[in-house]
Amino acid sequence: MTATDPAQAAHRTAAEFRALYGTEPTGIWAAPGRVNLIGEHTDYNDGFVMPLALPHTTLAAAAPRTDGVLRLHSAGAPGGIVELRPEDLRPRPGADWSAYPAGVVWAMREAGLPVGGADLHVTSTVPLGAGLSSSAALEVATALALDALHGLGLSREELARLAQRAENAYVGVPCGIMDQTAAACCTAGHALFLDTRDLTQRQVAFDAAAHGLRLLVVDTRVRHQLGDGAYAQRRAGCERAARALGVRALRDVPHAHLPDALAALAGEPGLRPLVRHIVTENHRVEQAVAHLDAGRPHALGPLLTASHASLRDDFAVSCPELDLAADTADAAGALGARMTGGGFGGSALVLVEEAAAATVAKAVDAAFAAAGYTAPRIFPAVPGPGARRLTP
Ligand code: GLA
């Protein structure tokens, strides 16, 4: 799967829509996958994150229908057109791909928005299950299309919240708000510094090439599943720790108070590492933003590596393939590397001097081959645009 030229992809998606439904789409809307630079598992603790949009994109071609029927089709999924009635939608955890766009329709109607029938056809270059937020891209592309078709006039933040509600309550995945906000709000050339408590945000310039650097994504090809319980377990642990500490969320524990917080949890040995990860990770995001603002992207390297160690040792969401990718990249001369996204598989990211990028990628490839793992997919990440209308 590669990031193809958006104009070409839009053209192809429109042609497929015409072939499927026999009419012209009203428009084509796009939303990207994302990679999170730093700030992992902080979003459901009201903390800080810093994702950027990938050039890999999900496209939704759509047109309204007057008979109230909702028809959904995905180029990448078997099973043909899925036909539903918006008023009959009920949450269906664990359902197939169509639950994501259907969930957005459901969430909008639950919010009292006048969303009726439509024809929708989606295509995507976002790798599935790679920790690069293919689900959020699908939800946000759908939300943007429905917003335009029904003249809802929703803000980007409102679209992100509705998309998250679809995933939480309809699809049944207890994710935070990072991925949907990244898809909705990222801009080209920037990482999005996001406060997940109130969605206040700032676009932070991130031009690795201008500093002789490259950001590589290593898709380990280990397919992760957020709905499988481990994610929900971490989330519940963090909520328990916040209650035990008497704060609204772990975001409210300042870095300087971490020793006190850990001491207060002396009787809860299982919660202490969770708290240590969240508090230090929020701190690392703030440090990362300061480095980028000061034009020092190199300085991100040690923060990425420290983030990985914290996710592996304290939060326990890494896996052997992610560890091998990050450790090998570091040993081969990268500035820093870490797992990105929810973990348990998916992707790692590597910050490396341009001159060393090929050597590092080769070392990771060789280490995977030596370990008998499936060959990873390694590609450079340059921050692309967020959700937008492509045509007309
Ligand atoms: C997944 C979730 C996000 C976030 C990350 C971990 O991508 O969808 O909300 O919690 O994991 O940072």
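The values are calculated or read from the model by the stated rules, or taken from the named source; none is laboratory data. Small disclaimer: the values here were computed from a predicted structure and weren't measured. Cβ sites come from the backbone with ideal geometry, for glycine too, and all protein chains shown count toward neighbours.
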From the options Glu16, Glu87, residue that is at pLDDT 95 or above, part of a helix (DSSP H, G or I) and crowded, with 16+ Cβ neighbours inside 10 Å: Glu16
Top-ranked residue in region 148-197 [being crowded, with 20+ Cβ neighbours inside 10 Å and among the hydroxyl-bearing types (Ser, Thr, Tyr); ranked as farthest from the chain's Cα centre (by Cα)]: Tyr170
Selected residue [surrounded by 15 or more Cβ atoms within 10 Å (Cβ to Cβ) and either out of contact with any helix residue (DSSP H, G or I) (no Cβ under 6 Å at 6 or more places or on another chain) or hydrophobic (A, V, I, L, M, F, W, C) (or both)] from Ala209, Ala236, Ala242: Ala242
Quick one: how many residues across region 131-180 are over 21 Å from Val115 (Cβ atoms) and of a type in the set (S, T, N, Q)? 2
If you check Ala266, Ala236, Ala244, which single one turns out to be at pLDDT 95 or above, assigned to a helix (DSSP H, G or I) and more than 25 Å from the chain's Cα centre (by Cα)? Ala244
Could you please let me know if Asp43 is buried (at least 18 other Cβ atoms within 10 Å of the Cβ) and either at pLDDT below 95 or not assigned by TED's automatic domain parsing to the domain that holds Gly343 (or both)? yes
Condition check for Val126: of a type in the set (Val, Ile, Thr), buried (at least 23 other Cβ atoms within 10 Å of the Cβ) and more than 16 Å from Tyr170 (Cβ to Cβ): yes
Expected single match for in the same structural domain as His283 (by TED's automatic domain parsing), over 21 Å from the mean Cα position of the chain (by Cα), of a type outside the set (D, E, K, R) and in a helix (DSSP H, G or I) among Leu300, Leu304, Leu324 is Leu324
Quick one: count up the residues across region 138-158 that are within 16 Å of the ligand (Cβ to nearest atom) and in contact with an Asp or Glu (Cβ under 8 Å, 6 or more places away or on another chain). 1
If a residue must be closer than 17 Å to Thr391 by Cβ and of a type in the set (S, T, N, Q), how many such residues does region 126-155 contain? 1
Might you check whether a residue that is over 26 Å from Pro273 (Cα atoms), assigned to a helix (DSSP H, G or I) and more than 16 Å from the ligand (Cβ to nearest atom) occurs anywhere in region 201-209? yes
Selection from region 40-75 of residues within 15 Å of the ligand (Cβ to nearest atom), acidic (Asp, Glu) and over 19 Å from Ser134 (Cα atoms) yields Asp46
